[in-house]
1. Pick from L366, L395: which is closer than 25 Å to L120 by Cα, more than 19 Å from the chain's Cα centre (by Cα) and open to solvent by less than 30 Å² (accessible area, probe 1.4 Å)?
2. Any idea which of T155, T175 is among the hydroxyl-bearing types (S, T, Y) and under 24 Å from Q110 (Cα atoms)?
3. Being within 18 Å of R216 (Cα to Cα) and not in a helix (DSSP H, G or I) is the filter here, so list the residues in segment 114-173 that pass it.
4. From the list R330, R373, R334, exactly one residue is open to solvent by 90 Å² or more (accessible area, probe 1.4 Å) and of a type outside the set (F, W, Y). Which is it?
5. Within segment 183-196, can you find the residues that are assigned to a loop (DSSP other than H, G, I, E, B) and open to solvent by 40 Å² or more (accessible area, probe 1.4 Å)?
6. Tell me whether segment 77-88 contains one or more residues that are open to solvent by less than 60 Å² (accessible area, probe 1.4 Å) and modelled with pLDDT of 95 or more.
7. Given the conditions (1) of a type in the set (V, I, T); (2) in a helix (DSSP H, G or I); (3) closer than 21 Å to F387 by Cα, which single one is not true for T278?
8. Could you tell me how many of the residues in segment 39-59 are part of a helix (DSSP H, G or I), in contact (Cβ under 8 Å) with a residue 12 or more places away in the chain and open to solvent by 60 Å² or more (accessible area, probe 1.4 Å)?
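The values are calculated or read from the model by the stated rules, or taken from the named source; none is laboratory data. Note that the coordinates shown come from a computational prediction; the quantities given were computed from them, not determined experimentally. Positions of Cβ are backbone-derived with ideal geometry, glycine not excepted, and every protein chain shown enters the neighbour counts. Heavy atoms of the whole protein, side chains included, go into the accessibility calculation; ligands, DNA and RNA do not. Shrake-Rupley method; radii C 1.70, N 1.55, O 1.52, S 1.80 Å.
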Amino acid sequence: MSGADPGAKASGGDAADAAPAARQGRIAEYLASHGGPFFELQARLKLLRANALQSGKRALLFVALAWGVPFLLGLPGSLSLDHSQGAYLTDPGVWAKFFVAIAAFVLAEQQVERGLRIKLGQFSRAPLIAPTSMPSAARAISNALKQRDSGLAETVCLALAAVAALLSFLNFHTTDVSFWAVEHSAEGNRITAAGWWSICVSLPLFVFLFLRGVWRHLVWARLLREIAQLELRLVAAHPDGKGGLGFLSQYPNAYMFFVFGMSAAIAAAVMKHLLQETLSMTTFSMIMSGWLAIVIAFFAYPLSAFSKPLARLKETGLLMFGVQATRFQRAAERKVLGRNVAADATEEPDDDVADPGKLFDATKKLSTMLISRDAVVPVAAAALIPFAVAGATRLPYKEVFSVLKKLLLL
C-alpha cells in the first residue's frame with residue numbers, strides 16, 4: 001500500500017483488495033486502523049496517508065482541539081490553580097479525557113495496527129491454517145475488513161457521542177456550583193464559552209474515539225473466534241506450551257495506550273470522589289479489582305475461542321502418544337527380559353519404535369488457555385497505574401501501591 005494516494009485508497013482500499021483475495025483463497029492484509037468514514041475524512045484533510053497514520057501529529061491536533069481550545073476560551077481564568085473555584089487546570093476530568101485519553105486513543109492506532117497485523121500474519125507464516133481452510137479464513141478476514149469500514153457503526157458511535165454531549169449539557173444546567181464550564185447564580189446557570197466547546201467538540205470527540213476503538217476491537221474479536229473454528233495445524237508438543245498459538249496471547253499488549261486512556265478517564269471520576277473524601281480504601285481496592293477484571297475479560301473473550309481446539313489437541317495428543325509409549329516400553333521390556341511382563345502370550349511386532357516420552361511430557365504441560373498473567377502484565381499495568389496515581393492523592397500511598405502490586409502479581 002506504500003505510495004498510495006490517500007484520497008483514492010485511504011478509505012479501506014485493503015478491504016476492496018480483500019474480495020479478490022478471498023475468492024482466490026488468499027489472506028488479505030489486515031490493517032486495523034485503516035478504513036471507515038472517519039479515516040477517509042482525515043485522509044481528505046491531509047491528516048494522514050494510506051501508508052502513514054501520522055499518529056503523533058494527529059494526537060497533538062486532537063488534544064489541541066479538545067483541551068487547548070477550552071483553555072484559550074477560558075483565559076485569563078484558565079490560568080488559575082485554585083481547585084476550590086473549579087479552575088480548568090485543576091479539573092482531573094479535563095486532563096484525563098481531553099488530554100491523556102484522546103492522545104492515548106490516537107497514539108494507540110499505530111501500535112494496535114502493527115500488533116494485530118503481525119499476529120494475524122503469523123497464521124500464514126507458520127502456517128497454522130490448513131490448506132483446506134484457507135478460503136474460509138480469507139472470507140472471514142474480508143468480512144472483518146467490511147465491518148471495520150462500516151459507516152453504520154461509526155454513525156452509531158457518533159450518535160452516542162451526541163447523547164453524551166446532551167447529558168453533559170443537562171448536567172451543566174443542574175449543577176449548583178460554579179466552575180470553569182458553568183457560572184452558577186440565583187437566576188440560573190450560564191454555560192461559558194469553554195463549557196460550550198467541551199459540550200460540542202471535546203466530549204463528543206473523546207466518546208467517539210473511545211467507542212470507535214471498542215467497535216474495532218470487537219471486529220477483531222469476532223475474526224479470531226471465526227479463525228478458532230477452522231482446521232488449524234496445531235502442535236501438541238510445541239515449545240510455547242500453547243500448541244503454537246503462544247504468539248497470539250501477546251496481542252492485548254498492542255492495546256496498552258488504548259487501555260491507559262480508558263483507565264485515565266475512569267480514574268479521574270474516582271479521583272473526584274476521593275477529593276470529596278467519599279471513598280474508603282476498601283472501596284477503592286474493589287474498584288481497581290473490578291476494573292482489572294473488566295479489562296482482562298475484554299481480551300479474554302476472543303482468546304477463549306481457542307480453548308476448545310487446544311483442549312481437543314491435548315486430549316488427542318495424550319491418547320496418541322500414550323499408544324506410542326505403550327508400544328515403545330513393551331518393546332524395551334522384550335529387549336531386556338526376552339518377554340513382556342504382562343500378556344506375553346500375544347505375538348507383537350518388534351518394529352523400531354521411537355521413544356515418545358518427551359513429546360508426551362510436553363503435551364501434558366500444554367495449556368488450553370491462551371490468556372495468562374505474563375501475557376497481560378503490561379496491559380494490566382496500563383489499566384491500574386492511573387487508578388494508583390489517583391488514589392495516592394488522598395489515600396495512603398503505601399496502601400495504594402500495595403494493592404497495585406498484589407493485583408499485578410495475581
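1. Result of the check over L366, L395: L366.
2. From the options T155, T175, the qualifying one is T155.
3. Matches in segment 114-173: D149, S150.
4. Testing whether each residue is open to solvent by 90 Å² or more (accessible area, probe 1.4 Å) and of a type outside the set (F, W, Y) leaves just R373.
5. Once the filter is applied, which keeps residues that are assigned to a loop (DSSP other than H, G, I, E, B) and open to solvent by 40 Å² or more (accessible area, probe 1.4 Å), segment 183-196 yields H184, S185, A186, E187.
6. Checked segment 77-88: no residue is open to solvent by less than 60 Å² (accessible area, probe 1.4 Å) and modelled with pLDDT of 95 or more.
7. T278 satisfies every listed condition except (2).
8. So the count comes out to 1.
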